[in-house]
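Here's the structure we're looking at; comments come further down.
What follows draws every value from the coordinates through simple rules; no lab data is involved. All values derive from a computational prediction rather than experimental measurement. Positions of Cβ are generated from backbone atoms using ideal geometry, with glycine treated the same way; all protein chains shown enter the neighbour counts.
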């Protein structure tokens with residue numbers, strides 16, 4: 001039996017301006033001093049911004065009445081003196097995680113705008129601001145999702161037991177409340193995954209070649225899009241659980257929404273043409289689920305490279321970054337994580353203007 | 001019987017960059033030359049941006065497992081040298097309509113950032129990026145929604161029959177496709193309306209005093225929030241169908257999600273303390289539904305002013321603006337609509353830094 005309990009945001013009682021909310025969330029953060037120094041930079045110079053829908057279909061009845069539906073939604077920002085290739089951010093929980101650091105400092109959206117990259121935030125079909133789908137959907141609230149997020153996102157091994165040195169402001173109740181609410185409905189079914197990948201392919205047809213940066217289950221969707229289209233210039237996937245294999249390769253299990261999925265030889269061959277980086281945070285060994293997914297990642301990367309592709313794995317711990325969660329780009333040390341993305345983009349010549 | 005038909009976005013075949021998509025949508029627009037001249041201004045100077053959740057509750061089971069839910073989502077942008085009061089944009093269809101003009105020129109989000117206002121885009125609880133609700137929800141696709149939007153938004157009196165001189169790029173197929181997709185799920189039930197208003201009250205507790213700018217059914221939600229809290233500095237409501245009346249006043253019909261709703265004398269009295277403007281587009285007389293709603297608006301404004309409040313009605317046609325739809329802020333002449341908002345803000349001293 002479930003009950004609903006009203007809970008005021010802790011912030012509300014004490015903070016009376018937006019600057020105050022940011023300051024209050026930051027107040028207890030470990031990286032506060034450093035973050036404030038870095039955030040207090042020059043303004044972002046924004047050439048233009050807006051949003052558009054892409055892809056989609058419609059339902060109609062025999063009288064010709066219609067509903068436009070199943071499109072995805074792109075929120076775009078283009079900085080002044082922009083670089084040529086945009087970063088297309090593909091979440092698996094909420095755009096919140098690209099917009100903010102856990103302590104409400106700047107997320108990758110702003111950090112990479114400051115670097116001159118056009119930035120796109122993507123809600124795929126049936127997700128968030130694109131939930132005007134062509135099919136019926138039922139959403140059910142479910143007690144236990146907070147606890148599931150806590151361990152899946154590797155804040156700690158069990159609910160409210162934090163990993164030592166985790167890159168989250170663990171004593172900041174407001175930041176934790178924000179994290180638990182950084183989620184909206186997504187239907188992890190194979191049909192929806194294919195739909196999202198197909199809509200993204202249409203997005204790249206409009207946007208042009210793009211660097212796709214993914215979180216969690218966004219990764220397999222991006223791989224599927226790349227397997228069907230040549231407009232993806234590169235993929236950087238943070239903690240992607242789902243990989244594509246051609247017939248006879250991989251774990252050989254049935255297609256699953258969290259991977260693996262089987263693709264044709266022709267589709268797999270497209271993945272050999274672009275640089276791909278798979279980034280993993282800390283404490284993987286404490287999670288049987290993520291340990292198994294990392295193993296699949298190694299299998300995938302080995303196969304890609306054996307066939308002449310350009311895939312690599314980055315274990316953040318090996319780069320000297322410790323305590324990273326499932327969402328390194330939102331972690332307290334996200335500027336160091338961003339610096340590694342800079343390296344990747346420069347190394348592959350993806351940072352030109 | 002409904003069928004799903006894949007339909008490529010017209011844009012996709014011919015446009016290969018984001019600038020191209022914008023240019024292509026603009027290509028046939030009536031206001032093209034003017035718009036391009038005005039859009040080609042200096043970059044927007046953005047001090048910071050991000051998003052946060054506000055309000056909400058949780059569901060839990062007897063074992064203590066939880067899901068955080070029923071919060072709203074605020075996407076905020078703060079320009080350099082910002083004015084004191086933010087504009088809080090409350091849609092009833094999609095944030096798209098605040099972000100873009102129908103021809104993909106700048107929407108109010110960017111226009112008012114350029115003027116120095118902090119800008120907030122609001123997805124209330126259970127809407128868009130805040131659809132992680134505490135209750136179950138079922139969404140059903142339904143043929144006929146495009147046709148309903150066409151007439152409700154007063155593009156014309158009947159499907160694909162445009163009003164003469166309507167402020168929409170009527171021959172631009174891409175712009176029309178974008179408009180039909182500028183929508184996501186919202187549940188217009190009294191329970192949800194109260195929930196959205198309550199979450200907004202919590203948002204103002206964090207943000208501080210705000211100017212609330214609403215579209216359509218967002219209007220009554222904002223009035224409800226103002227009736228419960230003193231942090232709303234002003235309301236500007238574009239084509240609001242729903243009004244609040246104290247006992248014994250108004251049409252005397254039962255509470256309805258599209259208005260009216262009854263409030264206590266004490267709640268109604270709070271509405272007397274803030275300036276309110278109700279803006280209406282063109283061709284109202286061609287729509288029995290909107291004619292009736294305008295009549296209710298007049299009744300509400302008369303009552304507010306009879307009791308010492310500060311409410312006014314702006315008929316855009318009387319200001320020399322013709323052809324405006326249900327969403328004047330997204331119309332081709334949205335810069336002229338914005339200039340009227342400037343006047344209102346200046347007149348009430350709401351534009352200070």
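Numbers for the structure displayed
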quantity	calculated
For residue A:247, label point 7 Å along C-beta direction: distances to other copies, nm	7.7
Fraction in percent of alpha-carbon pairs per bin - 10 Å, the range B:135-181	24, 50, 17, 9, 1
Over the range A:233-353, volume per residue of the alpha carbon convex hull, in Å³	115
Computed [θ] at 222 nm, deg cm²/dmol, chain A (DSSP H ≥ 4; -39,500 (n - 2.57); rounded to nearest 500)	-10000 deg cm²/dmol
Other protein chain Cβ atoms within 10 Å, averaged over every residue that makes up B:132-138	6
Computed label-point distance, nm, for sites residue B:315 and residue B:254 using a 7 Å Cα→Cβ extension	3.4
Neighbour-count ranking [beta-carbon atoms within 10 angstrom, fewest first] of A:315, A:261	A:315, A:261
Cα gyration tensor shape of the range B:79-192, rounded if a/c is under 1.5, else prolate or oblate by comparing a/b with b/c	oblate
Whole-number percent relative contact order across the range B:54-140, with pairs defined as alpha carbons under 8 Å at least 6 apart	36
For the range A:218-287: rounded, prolate or oblate by the Cα gyration tensor [a/c cutoff 1.5]	oblate
Residue of B:86, B:251, B:241 that the Gaussian network model of chain B assigns the largest fluctuation, springs spanning Cα pairs under 10 Å	B:251
For the protein assembly as shown, projected area of the alpha-carbon convex hull averaged over all directions, nm²	29.3
Length-normalised contact order of chain A in % [C-alpha pairs under 8 Å, at least 6 apart]	18
Two-decimal Rg to Rh for chain A - Kirkwood Rh, Cα set	0.96
Which of B:213, B:314 has the fewest Cβ neighbours within 10 Å, and the rest in rising order	B:314, B:213
Fluctuation leader among B:93, B:210, B:256 - chain B, Gaussian network, Cα springs under 10 angstrom	B:256
For A:170, A:253, B:322, order by how many other beta-carbon atoms lie within 10 Å, fewest first	A:253, B:322, A:170
For residue B:265, label point 7 Å along C-beta direction: distances to other copies, nm	8.5
Rounded, prolate or oblate (a/c below 1.5 giving rounded, otherwise prolate when a/b exceeds b/c) for the range B:160-286 by Cα gyration tensor	prolate
Nearest-first distances (nm) between copies at residue A:287, label 7 Å from Cα via Cβ	4.8
